[in-house]
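Here's the structure we're looking at; comments come further down.
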Amino acid sequence: MVPLYETRGDRLHEKRVAEMVGEAWGVGILRLPELSRPGDYLLHDEGRLLGIIEIKRRTTAHDKYDTFMLSASKVEQMMLATRALHTDAWIIIEFADGIFYCTAKTMAAGVLRTGGRYDRSDPMAVELLHHIDHNQLTRIS
């Protein structure tokens, strides 16, 4: 069984961030089922699908590290969904200094390296990751 690290508090926090994004971009949001492969929320405008968003949270400033990294399997699932649904996908990241985003396409073009969480004694926490420079992120707030 794969351990689940996301808590109810994390999901409530994601909802708050998604609502802020929806308000900033003037779109509606719709939560996808838990552990949904392509992302956390759908963006829509009066029922018309606009895209998929994946929400991440980091406790550091956006430029503390040279790159932002995300699971290659997550990026792949988002890219597959964008092709199947003929839509776009964004990765939304709340950092300590604001909310930023990039497209899944930008993330997919990032450098591939292995990495992850070595502090969990969980071999599944280390995987193939896409890395992009922090200057490829755009601030929302």
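The values are calculated or read from the model by the stated rules, or taken from the named source; none is laboratory data. Being a predicted model, the structure only gives us computed values, none of them experimental. Neighbour counts run over all protein chains shown; Cβ positions are idealised from the backbone, glycine included.
A few comments on the model shown:
- On the stretch given as the stretch 34-47, residues that are at pLDDT below 95 and more than 15 Å from the chain's Cα centre (by Cα) total 2.
- Taking the stretch 33-75 as the range and being more than 17 Å from Gly22 (Cβ to Cβ), charged (D, E, K, R) and in a loop (DSSP other than H, G, I, E, B) as the test, the residues that pass are Glu34, Arg37, Arg58, Asp63, Lys64, Asp66.
- Hey, Gly22 closer than 20 Å to Arg83 by Cα and surrounded by 17 or more Cβ atoms within 10 Å (Cβ to Cβ) or not: no
- Selection of first residues in the stretch 68-93 that are touching a residue at least 60 places away in the same chain (Cβ under 8 Å) and of second residues that are surrounded by fewer than 16 Cβ atoms within 10 Å (Cβ to Cβ) and not hydroxyl-bearing (Ser, Thr, Tyr), restricted to Cβ pairs under 7 Å at least 6 apart or on distinct chains, gives the following pairs, ordered by first then second residue: Met69/Gly115.
- Taken over the stretch 19-70, residues that are within 26 Å of Leu129 (Cβ to Cβ), among the β-branched types (Val, Ile, Thr) and out of contact with any helix residue (DSSP H, G or I) (no Cβ under 7 Å at 6 or more places or on another chain) amount to 3.
- Residue list for the stretch 42-91, filter: within 24 Å of Thr7 (Cβ to Cβ) and of a type in the set (Gly, Ala, Ser): Ala61, Ser71, Ser73
- Evaluated against (1) within 17 Å of Thr138 (Cβ to Cβ); (2) in a strand (DSSP E or B); (3) without any contact (Cβ under 8 Å) to a residue 60 or more places away in the chain, Arg113 falls short on exactly one condition, (1).
- Condition check for Ala81: closer than 15 Å to Ile92 by Cβ and in a helix (DSSP H, G or I): no
- Just one of the numbered conditions (1) closer than 18 Å to Val21 by Cβ; (2) touching a Lys or Arg at 6+ places or on another chain (Cβ under 8 Å) is not true of Asp97: (2).
- Considering the stretch 25-54, the residues that are surrounded by fewer than 12 Cβ atoms within 10 Å (Cβ to Cβ) and not hydrophobic (A, V, I, L, M, F, W, C) include one that is farthest from Val75 (Cα to Cα), namely Glu46.
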